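Please treat every number below as a calculation from the coordinates, not as lab data. Just so we're clear, the structure is a prediction, and the values are computed from it rather than from any experiment. Heads up, the Cβs are rebuilt from the backbone with ideal geometry, glycines too, and the neighbour counts pull from every protein chain shown.
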Ligand SMILES: Cc1ncc(COP(=O)(O)O)c(C=O)c1O
């Protein structure tokens, strides 16, 4: 895999939680589309348009079946995880408008919001899985409740069971944390939520899960699952996706409409497409290159094997945590001994150092690329009490291509930095 990622020859790339490097075979597939059959999809009658449409069809099938384990008709292609959250927030706020035989009609809304309604999420969330729900709560005048994780960054089913009640209409939480490196038992949490209120909708933010951990949206039992294509799945920037449980798709309003979303249009009204409901969200020409690239990337991860990816990342995490144990003057966020609840990300700070300065030093002297700051999790930084002291934390995050020897370089570098 390293020969597919030339950057790894020069740098130690430990910023996979922000975005991963794109392997050459994925790039080749995108170039092939642009050079050899770069036509628009769907409505073209000629052969190249048909070839492009088929390539997109194949990509959708790969992503749905290999990455998420859902029906391709339940997969909406998005720009990133953030857009997935926003698509759902829009649909929860706006009732579905469509033509029913004689003209426009409004469908009953997904949720009948009342002043007692509650939206629940957690303090661990990335802003992308927080702000859309915060704004939704303001618009529909619902109560907005945030659950606290354990001090070492775990989300527990029993905490959700205590908070969710008959007024809770919607819960959003993450599969894994980008700022603590913890993973959560999604199926058990969804079960606890649905037991407390079977009518409550559940959204899972899989940005740090997809492509790193096995994902089976049906086994998870969630209603929505959003992810980024440019992180774990090794796809290009500008790609991501949203799984929506099939029955809900028919009742959801797409945020954008226009070409590509419809079955028929008159001068007065329109009927949205029924052949493939998820494509009601494909307003205008989609990011064809990105979709084809993501489809190939998902195949690439599948060829490696998702369990091997997970195991490799955990081995590197364990190695790093073990190596940091005897380094003084630093603190680590997230569990340090319980590897079963970890993903391939380790977050830390060095005493008396701003997090950004550590990251700059690691790059300048060792060419180790880490990310520093709040990681778009400001509420969590306040919860941990590290905002004023360190301006966030430093994160080293892995993928399958990272090596034990690279982790050794990081351990040695941190030993030198903390020794002054
Ligand atoms: C947990 C989590 N959720 C959501 C996002 C947002 O992803 P994107 O920038 O692809 O929309 C990120 C990005 O780092 C993340 O780590």
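Based only on other Cβ atoms within 10 Å, what is the fewest-to-most ordering of 156, 417?
156, 417
With the chain treated as a Gaussian network of Cα nodes joined by springs under 10 Å, which of 326, 205, 152 yields the largest mean-square fluctuation?
Looking only at 326, 205, 152, the biggest GNM fluctuation is shown by 326.
Let a ≥ b ≥ c be the square roots of the eigenvalues of the Cα gyration tensor of segment 124-174; is it rounded (a/c under 1.5), or, if not, prolate (a/b larger than b/c) or oblate?
The shape class here is oblate.
Please give the helix 131-140 orientation as an angle from the longest Cα principal axis of the chain, in degrees from 0 to 90, rounded to the nearest 10.
With rounding to tens, the tilt is 40 degrees.
Can you tell me the relative contact order of the chain? Whole percent, Cα pairs under 8 Å, sequence separation 6 or more.
Relative contact order here is 22 percent.
Per DSSP H run of n ≥ 4, the term is -39500 (n - 2.57); total these for the chain, divide by its residue number, and report the mean residue ellipticity at 222 nm rounded to 500 deg cm²/dmol.
Theoretical 222 nm ellipticity from helices: -11000 deg cm²/dmol.
Which residue fluctuates the most in the chain, going by a Gaussian network model with Cα springs under 10 Å, if the choices are 388, 86, 199?
Result: 388 has the largest fluctuation of those listed.
How would 234, 414, 380 line up from fewest to most surrounding beta-carbon atoms within 10 angstrom?
414, 380, 234
Which of rounded, prolate, oblate describes segment 1-88, given a ≥ b ≥ c as roots of the alpha-carbon gyration tensor eigenvalues and a/c under 1.5 marking rounded, otherwise prolate only if a/b is larger than b/c?
In terms of gyration-tensor shape, oblate.
Helix 288-304 sits at what angle to the longest principal axis of the chain, using alpha carbons and giving 0 to 90 degrees rounded to 10?
For 288-304 against the chain, the angle is about 50 degrees.
Kindly put 119, 339 in sequence by how many other C-beta atoms sit within 10 Å of each C-beta, fewest to most.
Numbers: 119 25, 339 13.
Sorted ascending by nearby Cβ count, the order is 339, 119.
Helix 186-196 versus the longest principal axis of the chain: what is the Cα-based angle in degrees, 0 to 90, to the nearest 10?
Between helix and principal axis, roughly 60 degrees.
Could you check which residue among 11, 225, 400 shows the biggest mean-square fluctuation in a GNM of the chain with a 10 Å Cα cutoff?
11
Using the Cα gyration tensor of segment 190-241, with a ≥ b ≥ c the square roots of its eigenvalues, what is the shape: rounded (a/c below 1.5), prolate (a/b larger than b/c) or oblate (neither)?
Taking the square roots of the gyration eigenvalues as a ≥ b ≥ c, segment 190-241 is prolate.
If I take all pairs of Cα atoms in segment 32-302, what percentage of them are more than 32 Å from each other?
24 percent
Remind me, what semi-axes does segment 243-376 give for its equivalent ellipsoid, largest first in whole Å, using sqrt of 5 times each Cα gyration tensor eigenvalue?
Those come to 46, 19, 16 Å.
Any idea what the relative contact order of segment 255-355 is, in percent, if you count C-alpha pairs under 8 Å spaced at least 6 apart?
Taking the mean separation of contacting Cα pairs over the length of segment 255-355, I get 19 percent.
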